[in-house]
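Handing you this structure, nothing more for now.
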Amino acid sequence: MPDRAKILLVDDREENLIALEAILSSLDLVPVRARSGEEALKALLNTEFALILLDVRMPGMDGFETAAHIKRRERTRNIPIIFLTVVDSAPDYAFRGYAAGAVDYLTKPFDPWVLRAKVSVFTELYNMNKRLTEQSAMLRDRVSAELPPGAGDQGTILPELSRRLTAVEDELGRARELARKSQDPALAGPLADLAERVAHLRSGFDALS
């Protein structure tokens, strides 16, 4: 079984972390807690995350500062960040959130279904990207080997690669449908990037086979 995607939950209040875990409990993912921006940055040093849910108002290093540090690091700059804050926050908080690199911004109290739907789609995109990376590696290995026709296990590798790539294409279609139903503009960019990677991999495979 592949490792489940991990989601980093960053909030200084224990009750908020418990609420987030409860909302996401029906999804196939692993929530990881951080009680401060500093804790979040430490967690990001050694663990790969599919998404970060980041509270804006925290003592010490707030959400904007934390996001700035995340986006400066080569290893973490591409992790999607969804900012969470109370509804009476300063009017420029949403602008500052997007300027800091957030893909989305939700105000508390938020609709649990909406949060679950957003997290579900970003998690699915993360899982598909991981599978695409694995398929790309398989394809590169196949090309570099350049076995003569009929040699080695070419007859088994290519059909298996085709099967896996078709599964990823099917998942991409489902992710696009989820994004269409949610009408979430934040998903347009990641979906377009993923579709381009899938098309590129398919072209390479078709040329090889």
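The values are calculated or read from the model by the stated rules, or taken from the named source; none is laboratory data. Source: prediction; values computed, not measured. Cβ atoms come from the backbone with ideal geometry, glycine included; neighbour counts cover every protein chain shown. The accessibility values were calculated without ligands, DNA or RNA, using every heavy atom of the protein model including side chains. Shrake-Rupley method; radii C 1.70, N 1.55, O 1.52, S 1.80 Å.
If I compute solvent accessible area with a 1.4 Å probe over the protein chains, what percent of it on the range 2-51 is carbon and sulfur? Could you put the intermediate results ahead of the total?
On the way: 1220 of 2510 Å².
Using a 1.4 Å probe with all protein chains present, the range 2-51 comes out at 49 percent carbon and sulfur.
While we're on this one: I'd like to compare 56-64, 109-117, 33-41: which one has the highest average count of other Cβ atoms within 10 Å, and what's the full order after that?
Working: 56-64: 17.7, 109-117: 13.4, 33-41: 19.2.
Ranked from most to least packed, the peptides come out as 33-41, 56-64, 109-117.
I would also like to ask the following. Considering Cα pairs under 8 angstrom that are at least six residues apart, work out the relative contact order of the range 3-58 and quote it in whole percent.
Dividing the mean separation by the residue count of the range 3-58 yields 53 percent.
For the range 1-49, report the % of Cα-Cα distances exceeding 12 Å. Working shown, then result.
Details: 724 of 1176 pairs.
I get 62 percent for the Cα pairs in the range 1-49 exceeding 12 Å.
Holding the Cα-Cα limit at 23 Å, pick out from 42/108; 6/118; 108/130 the pairs that are longer than that. Working shown, then result.
Working: 42/108 26 Å; 6/118 15 Å; 108/130 32 Å.
Among 42/108; 6/118; 108/130, the Cα-Cα distance tops 23 Å for 42/108; 108/130.
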